[in-house]
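Have a look at the structure below, then the notes.
The values are calculated or read from the model by the stated rules, or taken from the named source; none is laboratory data. Predicted model, so just to flag it, every value in this text is computed and none were measured. Note that we place each Cβ from the backbone using ideal geometry, even for glycine, and neighbour counts take in every protein chain shown.
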Amino acid sequence: MKKKYKPSPDANANSNHISLVSDMKDLLLSRAKSAANKIAFRYRISRNEIRNVTFAEFAEEVIALGRFLLQQDFQNKHIAIIGKNSYQWIVAFFAITITGNVAVALDNSLDKNQTLKHIEHSDSCAIFCSKNHYTDLNLLLKDSDISVFKLNKLNELSGDSKKSGYDSIINPEQPAAIFYTSGTSGDSKGVILTHKNIASNINANREKYIAQGSTLSVLPYHHAYGLVVAILSVFNEEHSVFINSDLKLLLEDFKEATPIVMAIVPLYLKHFKKRILDEVKKQKAERKFAFGIKLAKFLLRFGIDIRRVIFKDIYAEFGGNLSELICGGAPNDDQIIEFFKNIGITVLNGYGLTETSPVVSTEKIDDTRTASCGTVLSCCRVRIAQDGEIFVSGDNVFVGYYKDEKLTQEVLQNGEFATGDLGHLDQDGFLYITGRKKDLIILSNGENISPEEIELELGRFPGVAEVIVVAQNDKLVAHVFPEENYLGDIDYFKQLRKEYNSTANQYRKIADIILRDKEFIKNSNRKILRHKI
């Protein structure tokens, strides 16, 4: 028997009427018509003031900005966006793409020189930016023909022209956006995604019930995962998105947004778990918490689920309604997934890349397997090569890297995208990821080792905040950034290495642990940049 709880307003909305979309303009106009008076977006105007925007109101604002772009003769042009997550960022993205232009999504954390490099590389003729970038960009671009617009002043850019914003005919095959890859192993590349690429992924996500309920968005929009899954797929399902623009307000936003589902990366999972356990420890409720898990597991055997009752205080911290966490972007720890399952929150693993718009596979709420990334979406096909590399083909596969034909030809072979990831499919079609081909460590004895697998095991030990495993002098070495209470504790990590090695296969033993006093450098999606350790 499940405890009844008050869902977010749109939690039980019937979405059977939702049609497939072909492009960004179709997505905007279809949902503005079918969900006109539903809430599409919620965001803070100030700390104490929240604005609710309906689908119809959102479409009006997008079309108004689209009129401005057309009035400025921006058609078939590249227009960049840089800024922290915001409602205005989303308005700009839609306005750019529905008018036949190409949105260039830039990393908000780049310094001004890197930003300029990407603007020049992408051939952007205009840029929408947040106010913290405006002064620098105006100065850097003063001798160019590139127009700079403030994201927080979009309402001042509404066009007066008779052009409605509907005039542009969108060919699904034409480019919609350029996303610069994370660059975890080197320089980032401009990935060109067409309207069909993005639309096919949005449509296919429906099959897995991704985004079935109101959500709180925290992932950066300049990443395909943060935009297509956490924003566009939710928009397509006619559910509301609460926009978190400042992680310092995350706990407040949870309580205001009361999300049902949320797209995150594994680092968030680890932080959420740590916060829960820290609070349990603070309340001196370790025994009570452990007993609650045992009781919940016992009752589940008889079909009785009272996890929301037992752990109601935990749910309250996450807004009260959270039931699903969609997780991708990096390898996940099954023990952390089990932790959340024990308290009643399902973690759904997924796999994808920017080049696949982005989702390739994901689990469903009623169809999960340990260590799996779920089954492949209908918009694509997966083939595993003899060496274990994953190849993807289908409507969601990108058309190429901007101004890099050589690299495009290297990774797009006979209609298939060579992902560079290693994995396998089981007999039921579930996909398992074992590591990155370029990160594979090959020792002189011929053993092939995926460092990600060892990193997951080491990451389970207390005191390990972050870890990267590399080969040095034909031996495995772990670089560890410790948790705060373990900083500089050399003796503890010597013992940790000994404990890990006692159960590890000979070729997976760690020869040394090198402690760091600073976090690893990461990209804005919280992935560690391996080439910068």
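Given the criteria part of a strand (DSSP E or B) and either closer than 26 Å to residue 312 by Cα or touching a residue at least 60 places away in the same chain (Cβ under 8 Å) (or both), does residue 382 qualify? Show your work before the answer.
Details: part of a strand (DSSP E or B): yes; either closer than 26 Å to residue 312 by Cα or touching a residue at least 60 places away in the same chain (Cβ under 8 Å) (or both): no.
No, not satisfied.
Take the residues of the stretch 101-122 that are of a type in the set (A, V, I, L, M, F, W, C) and more than 15 Å from residue 83 (Cβ to Cβ): which is modelled with the lowest pLDDT? Full working, then the answer.
The initial filter retains those residues of the stretch 101-122 that are of a type in the set (A, V, I, L, M, F, W, C), namely 102-106, 110, 116, 119.
The next check asks that each one be more than 15 Å from residue 83 (Cβ to Cβ); those that pass are 102, 116.
Working: 102: 99, 116: 92.
Among those residues, the one meeting the criterion is 116.
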> What do you reckon, is residue 59 farther than 24 Å from residue 180 by Cα and in a helix (DSSP H, G or I)?
Replying inline: yes
> residue 297 fails exactly one of the following numbered conditions: (1) farther than 30 Å from residue 87 by Cβ; (2) of a type in the set (Lys, Arg); (3) without any contact (Cβ under 8 Å) to a residue 12 or more places away in the chain. What is the number of that condition?
Replying inline: (3)
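Quick check on the stretch 268-286. Is at least one of its residues closer than 25 Å to residue 176 by Cβ, at pLDDT below 95 and out of contact with any His (no Cβ under 7 Å at 6 or more places or on another chain)?
Keep residues of the stretch 268-286 that are closer than 25 Å to residue 176 by Cβ, which gives none.
The answer is no, given that none of the residues of the stretch 268-286 is closer than 25 Å to residue 176 by Cβ, at pLDDT below 95 and out of contact with any His (no Cβ under 7 Å at 6 or more places or on another chain).
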> Which one of the conditions (1) over 25 Å from the mean Cα position of the chain (by Cα); (2) closer than 18 Å to residue 531 by Cα does residue 440 fail to meet, given that it meets all the rest?
Replying inline: (1)
>> If the requirement is being among the small types (Gly, Ala, Ser) and under 14 Å from the mean Cα position of the chain (by Cα), which of these qualifies: 374, 350, 320, 344?
In response: 350
> Mind checking which pairs have a first residue in the stretch 135-154 that is among the hydrophobic types (A, V, I, L, M, F, W, C) and surrounded by fewer than 17 Cβ atoms within 10 Å (Cβ to Cβ) and a second that is at pLDDT below 90 and not in a strand (DSSP E or B), Cβ under 9 Å, 6 or more apart or different chains?
Replying inline: 139/112
> In the stretch 60-99, which residue that is at pLDDT 95 or above, touching a Ser or Thr at 6+ places or on another chain (Cβ under 6 Å) and among the polar types (S, T, N, Q) is surrounded by the fewest Cβ atoms within 10 Å (Cβ to Cβ)?
Replying inline: 86
>> So residue 460 passes all but one of these: (1) within 28 Å of residue 328 (Cα to Cα); (2) more than 22 Å from the chain's Cα centre (by Cα); (3) free of Cβ contacts under 8 Å to residues at least 24 places away in the same chain. Which condition number does it fail?
In response: (3)
>> Quick check on the stretch 200-230: of everything there that is crowded, with 24+ Cβ neighbours inside 10 Å and polar (S, T, N, Q), which residue is nearest to residue 18 (Cα to Cα)?
In response: 205
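Starting from residues that are assigned to a loop (DSSP other than H, G, I, E, B) and over 21 Å from residue 106 (Cβ atoms), keep the ones in the stretch 175-215 and report whichever is modelled with the highest pLDDT. Reasoning before the result, please.
Keep residues of the stretch 175-215 that are assigned to a loop (DSSP other than H, G, I, E, B), which gives 181-189, 209-214.
Now drop any that are not over 21 Å from residue 106 (Cβ atoms), which leaves 209-214.
Numbers: 209: 68, 210: 62, 211: 58, 212: 71, 213: 83, 214: 93.
Here the residue is 214.
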